[in-house]
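Trainee: Take a look at this one; I'll ask things after.
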Amino acid sequence: MIKVLIAEDHDLIRGALIALLSEERDIRVVEEVSRGDQIVPAVVGSRPDVALLDIGLPGIDGLEAAGLIKELEQPPPVLILTSVGSPGNFERAMAAGVRGFLVKDAPAHRLTDAIRVVARGERYIDLDIAADGGEQEIDTNPLTARESAVLSAVAAGGRGSDLRSTLGLSVHTIRNYLAAARLKTGARSDEEAVRIARANGWLEDRTVTADG
């Protein structure tokens, strides 16, 4: 079960988020706050697996709170959910150690996907935000080396037995890596995941063997 803390100052939005997440069998909201200066004490008290924060909060904003969370002894990963998806906020989020950044008009399934991804210690970045902030010297690649390697093999035309022999992985393992890559890129197919990864430069210098 993934325990989530929600920080959102608009009651209707906060209630909608709680209702949405309550439908997921593996996600449970354990704390909710409406002010930024309530976040750190709530994190310490409830020990969530993911802190889901808005940026525009009274007291202190969500990004300042994220920086304070990072200083805790056992900080949970922070996922920013905001209506202000500017490159400046994205840069501040990355500097604060945020693991996920998503805009509020994203489909609901992307929020639950993002929560699961950051709960695993991985990164989930809204692709439009990442593209807008692309000139920054920040690694926003959400793919692991092996996920990138499998996508690179697909990009080179690999299929079925070709992928197995090239990567030295079982069909089941390859499918798992491709599923993870589709999830992280928001793609509906392996080919679309390849296109997105190429467009963002995520396949460059990341090819490895199964032992890499």
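The values are calculated or read from the model by the stated rules, or taken from the named source; none is laboratory data. Just so you know, these numbers come straight off a predicted model, no measurement behind them. Cβ coordinates were reconstructed from backbone atoms using ideal geometry, including for glycine residues, and neighbour counts include every protein chain displayed. Each accessible area value is taken on the protein alone, full model and side chains, heavy atoms only, with ligands, DNA and RNA left out. Shrake-Rupley method; radii C 1.70, N 1.55, O 1.52, S 1.80 Å.
Trainee: Would you mind finding the one in Ile69, Ile80 that is modelled with pLDDT of 90 or more, crowded, with 21+ Cβ neighbours inside 10 Å and assigned to a helix (DSSP H, G or I)?
Mentor: Details: Ile80 fails: assigned to a helix (DSSP H, G or I).
None of the other options fit; the residue is Ile69.
Trainee: Residue check: is Gln74 out of contact with any helix residue (DSSP H, G or I) (no Cβ under 7 Å at 6 or more places or on another chain) and surrounded by fewer than 16 Cβ atoms within 10 Å (Cβ to Cβ)? Before the answer, list the steps.
Mentor: Numbers: out of contact with any helix residue (DSSP H, G or I) (no Cβ under 7 Å at 6 or more places or on another chain): yes; surrounded by fewer than 16 Cβ atoms within 10 Å (Cβ to Cβ): yes.
Yes; evaluated as a whole, the condition is true for this residue.
Trainee: For segment 192-207, check the following and say yes or no: at least one residue is of a type in the set (Lys, Arg), surrounded by 17 or more Cβ atoms within 10 Å (Cβ to Cβ) and at pLDDT 80 or above. First the steps, then the outcome.
Mentor: Our first condition is that a residue be of a type in the set (Lys, Arg); within segment 192-207, this holds for 195, 198, 206.
Still in the list and also surrounded by 17 or more Cβ atoms within 10 Å (Cβ to Cβ): 206.
This time we only want the ones that are at pLDDT 80 or above, so: none.
Taking every residue of segment 192-207 in turn, none turns out to be of a type in the set (Lys, Arg), surrounded by 17 or more Cβ atoms within 10 Å (Cβ to Cβ) and at pLDDT 80 or above.
Trainee: Has segment 102-111 got at least one residue that is within 28 Å of Thr144 (Cβ to Cβ), in a loop (DSSP other than H, G, I, E, B), touching a Ser or Thr at 6+ places or on another chain (Cβ under 6 Å) and in contact (Cβ under 8 Å) with a residue 12 or more places away in the chain?
Mentor: yes
Trainee: Right, next: Being more than 12 Å from Ile80 (Cα to Cα) and buried (at least 18 other Cβ atoms within 10 Å of the Cβ) is the filter here, so list the residues in segment 91-108 that pass it.
Mentor: none
Trainee: Here is a further query. Quick check, is Glu64 acidic (Asp, Glu), more than 16 Å from Ile6 (Cβ to Cβ), assigned to a loop (DSSP other than H, G, I, E, B) and modelled with pLDDT of 90 or more?
Mentor: Numbers: acidic (Asp, Glu): yes; more than 16 Å from Ile6 (Cβ to Cβ): yes; assigned to a loop (DSSP other than H, G, I, E, B): no; modelled with pLDDT of 90 or more: yes.
It is false that Glu64 is acidic (Asp, Glu), more than 16 Å from Ile6 (Cβ to Cβ), assigned to a loop (DSSP other than H, G, I, E, B) and modelled with pLDDT of 90 or more.
Trainee: Could you list all residues from segment 121-147 that are in a loop (DSSP other than H, G, I, E, B), at pLDDT 80 or above and charged (D, E, K, R)?
Mentor: Correct list: Glu122, Arg123.
Trainee: Only residues that are under 21 Å from Gly56 (Cβ atoms) and open to solvent by 20 Å² or more (accessible area, probe 1.4 Å): list them for segment 109-123, please. Even if it seems obvious, please write down each step before you answer.
Mentor: The first filter runs over segment 109-123 and keeps only residues under 21 Å from Gly56 (Cβ atoms), leaving 110-111, 114-115, 118.
Hit for segment 109-123 is Arg110, nothing else.
Trainee: Could you look through segment 1-14, keep only residues that are open to solvent by 50 Å² or more (accessible area, probe 1.4 Å) and under 18 Å from the mean Cα position of the chain (by Cα), and pick out the one that is modelled with the highest pLDDT?
Mentor: In this case the residue turns out to be Lys3.
Trainee: Also, I was wondering about something else. Please go through segment 15-47 and pick out each residue that is closer than 12 Å to Leu57 by Cα and either open to solvent by less than 50 Å² (accessible area, probe 1.4 Å) or part of a helix (DSSP H, G or I) (or both). Don't jump to the end; show me each part of the working.
Mentor: Here is the first cut: in segment 15-47, the residues closer than 12 Å to Leu57 by Cα are 33-39.
Correct list: Val33, Ser34, Gly36, Asp37, Gln38, Ile39.
Trainee: Which of the following residues is in contact with an Asp or Glu (Cβ under 8 Å, 6 or more places away or on another chain), β-branched (Val, Ile, Thr) and modelled with pLDDT of 80 or more: Val154, Val150? Give the derivation first.
Mentor: Details: Val150 fails: in contact with an Asp or Glu (Cβ under 8 Å, 6 or more places away or on another chain).
Going through Val154, Val150 in turn, the sole match is Val154.
Trainee: Select from segment 49-65 the residues that are of a type outside the set (D, E, K, R) and open to solvent by 10 Å² or more (accessible area, probe 1.4 Å) and list them in ascending order.
Mentor: Matches in segment 49-65: Ile55, Gly56, Leu57, Pro58, Gly59, Ile60.
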